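One structure is given below, encoded as structure tokens.
The values are calculated or read from the model by the stated rules, or taken from the named source; none is laboratory data. Just so it is clear, the model here is predicted, and its values are computed rather than measured. Cβ sites come from the backbone with ideal geometry, for glycine too, and all protein chains shown count toward neighbours. Heavy atoms of the whole protein, side chains included, go into the accessibility calculation; ligands, DNA and RNA do not. Shrake-Rupley method; radii C 1.70, N 1.55, O 1.52, S 1.80 Å.
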Amino acid sequence: MAVFSFSDLHTESGVKTLEEHLSGKSFISGDQISKDDVKVFGAVTQKPGEGFPNAAKWYDSVYLVLAARFPGQAVGVRFGGQAAAPAPTSEAPKENAGDDDDDLDLFGDETEEDKKAAEEREAAKKASSKKKESGKSSVLLDVKPWDDETDMKKLEEMVRSIEMPGLLWGASKLVAVGYGIKKLQIMMTIIDDLVSVDSLIEERLTVEPANEYIQSCDIVAFNKI
């Protein structure tokens, strides 16, 4: 890894070195801000003038990151017996980055709270995506009576009396099976995430009280809408 060296950044010659280094770059070590930028920023006593456009642009970029991270008003701090000047309201930084990287870590590891928040956002995103993908299906159902003496009108009424979220009964007709027995063919539209056809048959259509009229049910057709 390349190591960059800067000195006397409080002087014009030092700022010139920084200007040359930043030619074609957005930040000290590449295209993204890093601890190198924070460290160098702390050594620059004021925003570079118009004669140093690259350094001035870099200074503003780093300042915006620090200002957003530390919104409090700086009042001046003291290092080695020298007082750092209070930060002006427009250009100067609100905090002076020290030499110890551990004192100012903008790029540290995620905290448990950060991880938990990220997991919650991901779960919400998946739930939203699943909801959007939820589709509908058209199902043709055969409903068979016990025998030729079963009241088919009451059988159909029993079928249509079953209501649940995501279920809509449609057209129906009686179809001859043989020996005087007829079965009911009925259409229904379902929302896939809300209605299981197997559960509808096993838990609603072929148990009491519906099984007084219904012997069995079969899925004739199942098509996505």
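Here are a few things to note about the model shown:
- Filtered by the rule that a residue be at pLDDT 85 or above and within 24 Å of Ala68 (Cα to Cα), the range 19-28 gives Leu22, Ser26, Phe27, Ile28.
- Residues of the range 202-214 classified as touching a residue at least 40 places away in the same chain (Cβ under 8 Å) and under 30 Å from Gly135 (Cα atoms), total: 4
- Any hit, the range 135-148, residues being aliphatic (A, V, I, L, M) and within 35 Å of the chain's Cα centre (by Cα): yes
- Residues that are touching a residue at least 40 places away in the same chain (Cβ under 8 Å) and more than 37 Å from the chain's Cα centre (by Cα) were ranked within the range 182-200; the one that is farthest from Gly135 (Cα to Cα) is Lys183.
- Residues of the range 146-176 classified as open to solvent by 70 Å² or more (accessible area, probe 1.4 Å) and touching a strand residue (DSSP E or B) at 6+ places or on another chain (Cβ under 7 Å), total: 8
- Ser23 vs. criteria outside any loop (DSSP other than H, G, I, E, B), among the polar types (S, T, N, Q) and open to solvent by 60 Å² or more (accessible area, probe 1.4 Å): no
- Residue pairs meeting the criteria (Cβ under 6 Å; at least 6 apart or on separate chains; first without any contact (Cβ under 8 Å) to a residue 40 or more places away in the chain and within 25 Å of Ile191 (Cβ to Cβ), in the range 152-180; second outside any strand (DSSP E or B) and among the aliphatic types (A, V, I, L, M)): Pro165/Leu194; Gly166/Leu194; Gly166/Val195; Leu167/Val195
- When the range 92-145 is limited to residues that are surrounded by 10 or more Cβ atoms within 10 Å (Cβ to Cβ), among the hydroxyl-bearing types (Ser, Thr, Tyr) and at pLDDT 70 or above, the one that is nearest to Ala176 (Cα to Cα) turns out to be Ser138.
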